[in-house]
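Just below is one structure, and these are the notes that go with it.
The values are calculated or read from the model by the stated rules, or taken from the named source; none is laboratory data. All values reported here derive from a predicted model rather than from experimental measurement. Please note: Cβ atoms are built from the backbone with ideal geometry, for glycine as well, and neighbour counts cover all protein chains shown.
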């Protein structure tokens, strides 16, 4: 269940990479911003973090539009390192702004649903985790359907396959880039609202999760939404099983070991296609 939440956090990253062929190093700070927004809604307005997502998702969408319009778009025709440093600068800036506004203290919300756990066939799970799991599966499934069945999704796939040909066919490629980046930001906004009841938020919380997101994206296959879902679930399983049978401190070691094995024997990822790093999103 936790792995599906990780997958939702990573889907926005793989969507942006698959279409724009860039890596957003500020993705973790977008998550941090969403978590702070959900925390503020809960602490000051007494709104459930899940209900707060109704407002936070469009706010993250608009924030993604602004970041793309004024920062990312200006670097797309420049060497790739320019994009890397630009998004890293956004990441550092957002961390320091959060530090000034909220200090380094950890913030969280009280247990939702009265702290109740759900039981199924002798297996117990937090209600927040079950709800997050269901939302993550529904949203990821809807995104996979939309990329294949809707006109907008087909326009995205056409842009990935051949930007010049797509433009000649009347597809507004710059607008596709803009909407894709903003949609990836909105997805991480939803993930932040789901993750707040499970984790505390602090200015550098994005650094903890962006590393997991990168592993999930590369493990599943660069540009593969299905791969991100599979990779996230695998990471969640490995992290929790190793914590139970060995020790919580070794969780990262085991999933990085799996990551290295996959990179050695299947460099394109579990569901990735050969050359996806240069082609973009898997068809």
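Computed values, structure above
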| quantity | calculated |
| --- | --- |
| Residue 258 in a helix (DSSP H, G or I) and surrounded by fewer than 19 Cβ atoms within 10 Å (Cβ to Cβ) | yes |
| Positions within segment 1-38 being modelled with pLDDT of 90 or more and touching a strand residue (DSSP E or B) at 6+ places or on another chain (Cβ under 7 Å), in sequence order | 32, 35, 36 |
| Of all residues making up segment 223-248, the number that are assigned to a helix (DSSP H, G or I) and touching a helix residue (DSSP H, G or I) at 6+ places or on another chain (Cβ under 7 Å) | 18 |
| Condition check for residue 65: closer than 22 Å to residue 191 by Cβ and either without any contact (Cβ under 8 Å) to a residue 60 or more places away in the chain or assigned to a helix (DSSP H, G or I) (or both) | yes |
| Test: residue 128 is exposed (fewer than 14 other Cβ atoms within 10 Å of the Cβ) and at pLDDT below 90 | no |
| Filtered residues of segment 68-78 (kept if surrounded by 13 or more Cβ atoms within 10 Å (Cβ to Cβ) and assigned to a helix (DSSP H, G or I)) | 68, 69, 71, 72, 73, 74, 75 |
| Options 113, 102: the member that is touching a residue at least 60 places away in the same chain (Cβ under 8 Å) and surrounded by 13 or more Cβ atoms within 10 Å (Cβ to Cβ) | 102 |
| Some residue of segment 79-98 being in a loop (DSSP other than H, G, I, E, B), at pLDDT below 90 and within 18 Å of residue 203 (Cβ to Cβ) | no |
| Boolean, residue 130 is farther than 29 Å from residue 102 by Cα and in contact with a strand residue (DSSP E or B) (Cβ under 9 Å, 6 or more places away or on another chain) | yes |
| Close pairs from segment 221-248: first without any contact (Cβ under 8 Å) to a residue 24 or more places away in the chain, partner surrounded by fewer than 24 Cβ atoms within 10 Å (Cβ to Cβ), Cβ under 7 Å, at least 6 apart | 238/254; 238/255; 238/258; 242/250; 242/251; 242/254; 243/251 |
| Qualifying residue in segment 141-148 (condition: closer than 22 Å to residue 120 by Cβ and in a helix (DSSP H, G or I)) | yes |
| Criterion: surrounded by fewer than 22 Cβ atoms within 10 Å (Cβ to Cβ) and touching a helix residue (DSSP H, G or I) at 6+ places or on another chain (Cβ under 8 Å) - qualifying residue of 47, 56 | 47 |
| Sole residue being crowded, with 21+ Cβ neighbours inside 10 Å, touching a helix residue (DSSP H, G or I) at 6+ places or on another chain (Cβ under 7 Å) and closer than 18 Å to residue 183 by Cβ, chosen from 12, 3 | 12 |
| Selection count, segment 161-178, where residues are in a helix (DSSP H, G or I) and either under 30 Å from residue 118 (Cα atoms) or in contact with a helix residue (DSSP H, G or I) (Cβ under 6 Å, 6 or more places away or on another chain) (or both) | 7 |
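Quick grid of which residues meet (1) in contact with a helix residue (DSSP H, G or I) (Cβ under 8 Å, 6 or more places away or on another chain); (2) under 17 Å from residue 139 (Cβ atoms); (3) in contact (Cβ under 8 Å) with a residue 12 or more places away in the chain:
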residue: 180; (1), (2), (3): yes, yes, yes
residue: 186; (1), (2), (3): yes, yes, yes
residue: 189; (1), (2), (3): yes, yes, yes
residue: 194; (1), (2), (3): yes, yes, yes
residue: 199; (1), (2), (3): yes, no, yes
residue: 216; (1), (2), (3): yes, yes, yes
residue: 250; (1), (2), (3): yes, no, no
residue: 262; (1), (2), (3): yes, no, yes
